[in-house]
Ligand code: FES
């Protein structure tokens, strides 16, 4: 099996896996970064969202062979320099219910706010609509993104 050298959360990590292994499983099964969740495995739910060079990306669809020359940030890396404003807002609004989708939601929201720090409601809805929440806490998610943007 080939060895891949990945840059994850500002650290170089070596993994020996098949080249078509989805990044999601590299993170979870080989690097014990369990904050990134498996929901559907087919790019439909957003639970597996990470940042690739700052862009929200579904790690279940991204093969490890395409991740060697990029910066990968997971939910564990988001708060390396202290709690991220999106995470603070999430706690303030008390968003999570079951919590399963929250890492993906927060990764999507943080990448979005980096690009658009003062979004309007429709921009927030548009940015977040692809992240599915089975508890339907969409109103709280929208409110937390607004708080994080303040
Ligand atoms: Fe990747 Fe659902 S697990 S989008």
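The values are calculated or read from the model by the stated rules, or taken from the named source; none is laboratory data. In this text the structure is predicted, and so the values were computed from the model without any measurement. Glycine gets a Cβ as well: all are built from the backbone with ideal geometry, and neighbour counts include every protein chain shown.
Observations on the structure shown:
- Residue match in segment 63-71 (condition: assigned to a helix (DSSP H, G or I) and surrounded by fewer than 20 Cβ atoms within 10 Å (Cβ to Cβ)): yes
- Hits in segment 89-101 (condition: buried (at least 23 other Cβ atoms within 10 Å of the Cβ) and within 15 Å of the ligand (Cβ to nearest atom)): 101
- Residue match in segment 74-88 (condition: within 16 Å of the ligand (Cβ to nearest atom), within 23 Å of residue 145 (Cβ to Cβ) and surrounded by 19 or more Cβ atoms within 10 Å (Cβ to Cβ)): yes
- On inspection, residue 52 does not qualify as out of contact with any helix residue (DSSP H, G or I) (no Cβ under 9 Å at 6 or more places or on another chain), outside the structural domain of residue 129 (by TED's automatic domain parsing) and closer than 26 Å to residue 124 by Cβ.
- Some residue of segment 131-144 being within 15 Å of the ligand (Cβ to nearest atom) and within 30 Å of residue 4 (Cα to Cα): yes
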